Amino acid sequence: MTPEEKIKALEDQVIEVRHAAVAMVMGMAEAVTNGPNAREDLARGFDQAAAQSEGEACRLAELVATALRHHDGTQNG
């Protein structure tokens, strides 16, 4: 595997881990929230976490906040 291929494989793995982390948090959020207002409150908490973080923690908090705001209440959404 060339160095470029290794880098691409690692980048792909990071993206996969991000998606898995967001999916896990969304599963937990579904269990503890009851509607769009509660999800928005939770999203604001993740906005605050993003503002107080940097790097990957910031990016994950941003992704979770976005997912919470776009979640339609179904397992697929």
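The values are calculated or read from the model by the stated rules, or taken from the named source; none is laboratory data. Source: prediction; values computed, not measured. Note that we place each Cβ from the backbone using ideal geometry, even for glycine, and neighbour counts take in every protein chain shown. Heads up: the accessible areas ignore ligands, DNA and RNA and are worked out on the full protein's heavy atoms, side chains in. Shrake-Rupley method; radii C 1.70, N 1.55, O 1.52, S 1.80 Å.
Overview of values
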| item | result |
| --- | --- |
| For the chain, alpha-carbon Rg and Dmax in angstrom | 14.6, 49 |
| Sum of -39500 (n - 2.57) over DSSP H runs of 4+, divided by residues of the chain (222 nm, nearest 500) | -28000 deg cm²/dmol |
| Rounded percent of accessible protein surface that carbon and sulfur make up, the chain, 1.4 Å probe | 57 |
| Projected label distance in nm at Val22 and Glu56, using a 7 Å step from Cα toward the beta-carbon | 1.6 |
| Centroid-to-centroid separation of region 37-64 and region 18-34 [C-alpha atoms, Å] | 13 |
| For region 1-45: span of alpha carbons on each principal axis (Å, largest first) | 49, 18, 12 |
